[in-house]
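These notes are about the structure you will find just below.
The values are calculated or read from the model by the stated rules, or taken from the named source; none is laboratory data. Predicted, not measured: the structure shown is a model, and the values here were computed from it. Methodologically, a virtual Cβ is constructed for each residue, glycine included, from the backbone with ideal geometry; neighbour enumeration extends over all protein chains shown.
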Amino acid sequence: MTRAAVESLRGWPVNGIAVVPPNQRVPSMGDNITVLRASHPLPGPDGLLAASNVSTALSNLEREDLLLCMISGGSSAMLPSPPPGIALRDEQRLTKSLVNSRATIHDINTVRRHISTLKGGRLVQLCKAGSILSLIISDVPGNFLPDIGSGLTVEDPTTFQQAIEAMRKYGVWELAPDAVRDYLTLGRRGKVPETPKPGDHQFAKVHNVVLADNATACSAAARFLSADHSTPATVLTSRAEIEASQMGKLLAATATDRTRQTLPMGSILLGGETTVLVRGNGTGGRNQETALSAVEGIAGLDGAVVGALGTDGIDGNSNAAGAIVDGRTFKRAERKGLRPKDYLARNDSYHFFHALGDNLITGRTGTNVGDIYLMTRIR
C-alpha cells in the first residue's frame with residue numbers, strides 16, 4: 001500500500017512511516033519512507049517505539065499538509081500507545097486475556113480504544129494536517145470502521161463504561177492489571193477525557209475509504225471455484241462471527257446434507273472471524289480449530305471437503321494459514337493414534353494437522369481481510 005502511494009504521488013514532496021510485522025518482506029520505497037517493525041499479535045516494545053515515531057510525525061504536520069493513512073489488519077496490536085500510568089506490560093497482559101477469552105473483535109477493540117493515545121480517533125486530535133485521507137483494508141466482519149485498527153481516524157461511538165462492561169462480560173475485568181482498571185474507572189467517572197464521539201467537528205477533514213474486505217476475497221474465491229468445478233459456488237455471508245468449534249460443526253453439517261444430496265451441489269463459502277476460548281497451551285489458531293472441529297462430522301463422507309484459512313497466511317500462534325479436512329481425515333488420524341477431541345481440549349490443532357500433512361502453509365501474504373471457510377465436494 002505504501003509503495004503504491006509513493007509511486008502515485010511521484011513528483012510531490014512525500015515523507016512517511018511504514019509500520020510492518022517483523023517478518024514481513026518490504027519492497028524498496030525510497031529514502032523518504034522510514035520502515036519500522038512492530039510485533040503482532042501481541043504488542044511489543046518495537047510497536048511502542050513505532051507509535052511514538054508516528055505521534056511525533058503527526059504533531060509536526062501543518063495545515064497545508066495532507067495526511068495519507070493506509071490502514072490494514074494488525075494496526076491495533078502494532079501501534080500500542082498506552083496513556084500515562086499504563087505500562088506496555090499491562091497492555092500485553094490485557095490483550096492476551098482478551099484474545100484468549102472468546103471475546104469478539106468489537107469488544108476487544110472497544111477496550112483497546114479506551115487505553116490508547118492514538119486509537120478511537122485520537123490520532124486525528126494529534127494531527128494538525130488540513131486534510132486526512134484513510135485508505136483501509138478491512139479485516140473486521142461488517143466493516144465497522146471504529147473496529148478496523150481500533151478506529152485510528154474514526155470517531156468512537158463507545159464509552160469507558162462499555163469498555164468495562166466488555167471486560168466483565170468475558171471475565172477479564174478481575175484479571176486485568178490494576179493500572180488498566182484504575183484508568184478505565186477514572187474514565188467512567190469523567191476524570192479522563194472520553195474518546196471523540198460522532199459529530200465531533202475535528203473529523204470534518206477526515207475521509208475514510210474501504211478499499212477491500214472479506215466480501216472481496218469471498219467473491220474472488222467463489223468465481224474461482226465456479227470456473228474450476230463447473231458448479232456454482234455460493235457465498236452465504238462475509239460477516240460470520242461465531243465460535244470456531246461451532247463453525248466447524250456447521251460446515252460439517254452442510255457437507256453432510258450436500259453429500260446426501262438434500263441440498264444442491266456446489267461449494268459453500270463463508271467469511272468472517274471466529275473466536276476461540278483458549279483452555280490449553282497448544283499451538284494453533286481459530287482456523288485450524290474450525291477445521292479440526294469438522295473432522296468427526298464428515299468422517300466417512302466420500303468427497304466431502306472442509307477448509308478454513310486466514311487471508312494473512314497466519315493462524316494464531318502457528319506458521320500455518322489454516323487447514324483442510326475431508327471424509328478420510330478421521331480414519332487417517334485414527335491409524336496414527338490421533339484423537340481430534342484430545343487436540344481440541346488442549347487447543348493444539350496445529351500439531352494434529354502437522355502429523356497428517358494437512359496444514360495450509362502459505363507464508364505471510366501481506367494482506368488481511370479476515371478468514372474464509374469452505375465446504376465443497378470433490379467428485
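Restrict the check to region 64-84 and report whether at least one residue is closer than 28 Å to VAL192 by Cβ, in contact (Cβ under 8 Å) with a residue 60 or more places away in the chain, assigned to a strand (DSSP E or B) and of a type in the set (Val, Ile, Thr). Checking region 64-84: at least one residue is closer than 28 Å to VAL192 by Cβ, in contact (Cβ under 8 Å) with a residue 60 or more places away in the chain, assigned to a strand (DSSP E or B) and of a type in the set (Val, Ile, Thr).
Quick grid of which residues meet (1) under 25 Å from THR274 (Cβ atoms); (2) in contact with a His (Cβ under 6 Å, 6 or more places away or on another chain); (3) without any contact (Cβ under 8 Å) to a residue 40 or more places away in the chain:
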{"site": "ALA163", "(1), (2), (3)": "yes, yes, no"}
{"site": "ARG181", "(1), (2), (3)": "no, no, yes"}
{"site": "LEU186", "(1), (2), (3)": "no, no, yes"}
{"site": "PRO196", "(1), (2), (3)": "no, no, no"}
{"site": "GLY199", "(1), (2), (3)": "no, no, no"}
{"site": "LYS205", "(1), (2), (3)": "no, no, no"}
{"site": "ALA217", "(1), (2), (3)": "yes, no, no"}
{"site": "THR234", "(1), (2), (3)": "yes, no, yes"}
{"site": "LEU251", "(1), (2), (3)": "yes, no, no"}
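Evaluating THR195 against the criteria (1) exposed (fewer than 15 other Cβ atoms within 10 Å of the Cβ); (2) polar (S, T, N, Q); (3) in contact with a Phe, Trp or Tyr (Cβ under 9 Å, 6 or more places away or on another chain) leaves one unmet condition, (1).
Does region 32-40 include one or more residues that are in contact with a Cys (Cβ under 9 Å, 6 or more places away or on another chain) and surrounded by fewer than 16 Cβ atoms within 10 Å (Cβ to Cβ)? No: zero hits.
Check whether at least one residue in region 45-60 is surrounded by 15 or more Cβ atoms within 10 Å (Cβ to Cβ), part of a loop (DSSP other than H, G, I, E, B) and on the phi < 0 side of the Ramachandran plot, and report yes or no. The answer is no; no qualifying residue exists. Remark: SER349 matches the filter, which requires a residue to be surrounded by 24 or more Cβ atoms within 10 Å (Cβ to Cβ) and under 23 Å from the mean Cα position of the chain (by Cα). Of all the numbered requirements in (1) under 24 Å from the mean Cα position of the chain (by Cα); (2) under 21 Å from THR153 (Cβ atoms); (3) exposed (fewer than 13 other Cβ atoms within 10 Å of the Cβ), VAL19 misses one, and that requirement is (3). Restricting region 61-96 to residues that are acidic (Asp, Glu) and within 23 Å of the chain's Cα centre (by Cα) leaves a set whose member that is surrounded by the most Cβ atoms within 10 Å (Cβ to Cβ) is GLU91.
Exactly one residue among GLY337, GLY284, GLY271, GLY316 is part of a loop (DSSP other than H, G, I, E, B), closer than 30 Å to ASP213 by Cα, at pLDDT 95 or above and not β-branched (Val, Ile, Thr), and that residue is GLY284. Apart from one condition, GLY316 fits all of (1) crowded, with 21+ Cβ neighbours inside 10 Å; (2) within 11 Å of ASP371 (Cα to Cα); the exception is (2).
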